[in-house]
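Working notes for the structure below.
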Amino acid sequence: MSQFDFLSKGAMLAPMAGVTDMPFRVICHEMGCPMATSEMLSAKGYLLSPRGNRATAQLLAVSPGEEGAVALQIFGHEPEIMARAAEELTRDGRYAMLDINMGCPVPKIVGNGEGSALMRDPVQAARIIAAVAKASHVPVTVKMRLGFEAGSEAYLLLGQLAQESGASMITLHARTRSQFYEGHADWNAIRRLRERVEIPVVGNGDVTSAQDALRMLEETGCAGVAVGRAAQGNPWIFAQIRDAFAGRPVREPEPEEKLTVLMRHACALSQLKGEDVAMREMRRHVVCYVKGMPGAARVRTRVNEVVALSQLEALMTDFFCPKKRD
């Protein structure tokens, strides 16, 4: 049995800073996501920080129920540092895969020669992949973009080098760094990379529904799909994609179900990070849970005043299930 058989069972959760922590991943797993990727972790930051660092511990946290179904993502630009971190982080077996970030477009990351900046230096990128693959106790994967500038096709060269350097899978976000998250993802590029390499290629970009996931598989022949921003506030997309893959009807969640999941998310986040931090972080999640619904603008304003779970529950009950408050 292939170690990547999970790709045929549903969509992966793509890594997102401030989003794909343990509480959100657990919900996505329950909805049918077979493999979820963590927030990205600085390899150097990890090695230099005290091992009891609370923020790092929270980022690395894995629920017992999701062990073996989480990919840890790391970033950096120094092969030896990346390798040392890889060896330590994969030693206990809690992660199924170790993913190298070569796609983050954020200026702070790019300015350090990390993330998508590595697409400008494929030789250095290959050195990093080779060092990490040699040191890691689990399969090493790479997440990349098309290239740095518009019109770049660096992904084809880097994809080949990644395969030759020991990567077991590639996730391609089919945009360039200069696009950030704007414009359309080039699904044809996913097909071209899939034809160029022998290792599995996972497509990422503009998958916002089960129909999109099926269409990406059909048009590109990719081994699987990864969902990022479309999962924020909408973990049901994984159940919908799972059901579509299995030929079952796709259903939309009821308001009461949305309320229940949102509050489970908030409670789990409070247990992990404390109620004060969780309520601040839930603001960005609530905006996504209510997006496109009548009255969403009012909620977006009022959620900024929420400082306690009880306040959040009252606000969201009024929004999703007003009759329950009568």
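Values computed for the structure shown
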quantity: Count of residues meeting criterion [hydrophobic (A, V, I, L, M, F, W, C), surrounded by fewer than 21 Cβ atoms within 10 Å (Cβ to Cβ) and assigned to a loop (DSSP other than H, G, I, E, B)] in the stretch 1-33; calculated: 5
quantity: Subset of the stretch 129-161 [polar (S, T, N, Q) and surrounded by fewer than 19 Cβ atoms within 10 Å (Cβ to Cβ)]; calculated: SER152, GLN160
quantity: Qualifying residue in the stretch 71-79 (condition: assigned by TED's automatic domain parsing to the domain that holds ARG229, out of contact with any Asp or Glu (no Cβ under 9 Å at 6 or more places or on another chain) and either under 23 Å from VAL202 (Cβ atoms) or surrounded by fewer than 22 Cβ atoms within 10 Å (Cβ to Cβ) (or both)); calculated: yes
quantity: Failed condition for MET263, given (1) surrounded by fewer than 16 Cβ atoms within 10 Å (Cβ to Cβ); (2) in a helix (DSSP H, G or I); (3) not hydroxyl-bearing (Ser, Thr, Tyr); calculated: (1)
quantity: Condition broken by SER270, with the remaining ones in (1) surrounded by fewer than 20 Cβ atoms within 10 Å (Cβ to Cβ); (2) in contact (Cβ under 8 Å) with a residue 24 or more places away in the chain; (3) in a helix (DSSP H, G or I) satisfied; calculated: (1)
quantity: From the options LEU60, LEU98, LEU118, LEU41, residue that is within 23 Å of ARG280 (Cα to Cα), in the same structural domain as SER168 (by TED's automatic domain parsing), in contact with a strand residue (DSSP E or B) (Cβ under 6 Å, 6 or more places away or on another chain) and not β-branched (Val, Ile, Thr); calculated: LEU41
quantity: Residues of the stretch 207-229 satisfying the condition of being surrounded by fewer than 18 Cβ atoms within 10 Å (Cβ to Cβ) and either touching a helix residue (DSSP H, G or I) at 6+ places or on another chain (Cβ under 6 Å) or not in a helix (DSSP H, G or I) (or both); calculated: THR208, SER209, LEU214, GLU219, GLY221
quantity: Cβ pairs under 8 Å, 6+ apart, first in the stretch 295-307 and over 13 Å from GLU281 (Cα atoms), second in a helix (DSSP H, G or I) and not β-branched (Val, Ile, Thr); calculated: GLY295/PHE319; VAL299/LEU315; VAL299/MET316; VAL299/PHE319; ARG302/LEU315
quantity: Matching residues, the stretch 76-113, being touching a Gly at 6+ places or on another chain (Cβ under 6 Å), touching a residue at least 40 places away in the same chain (Cβ under 8 Å) and within 19 Å of LEU172 (Cβ to Cβ); calculated: ASN101, CYS104
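Rundown of residues vs (1) surrounded by 19 or more Cβ atoms within 10 Å (Cβ to Cβ); (2) aromatic (Phe, Trp, Tyr); (3) closer than 29 Å to VAL286 by Cα, yes/no style:
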| position | (1), (2), (3) |
| --- | --- |
| SER178 | no, no, yes |
| ARG194 | yes, no, no |
| VAL201 | yes, no, no |
| GLY205 | yes, no, yes |
| PHE238 | yes, yes, yes |
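The values are calculated or read from the model by the stated rules, or taken from the named source; none is laboratory data. Note that the coordinates shown come from a computational prediction; the quantities given were computed from them, not determined experimentally. Please note: Cβ atoms are built from the backbone with ideal geometry, for glycine as well, and neighbour counts cover all protein chains shown.
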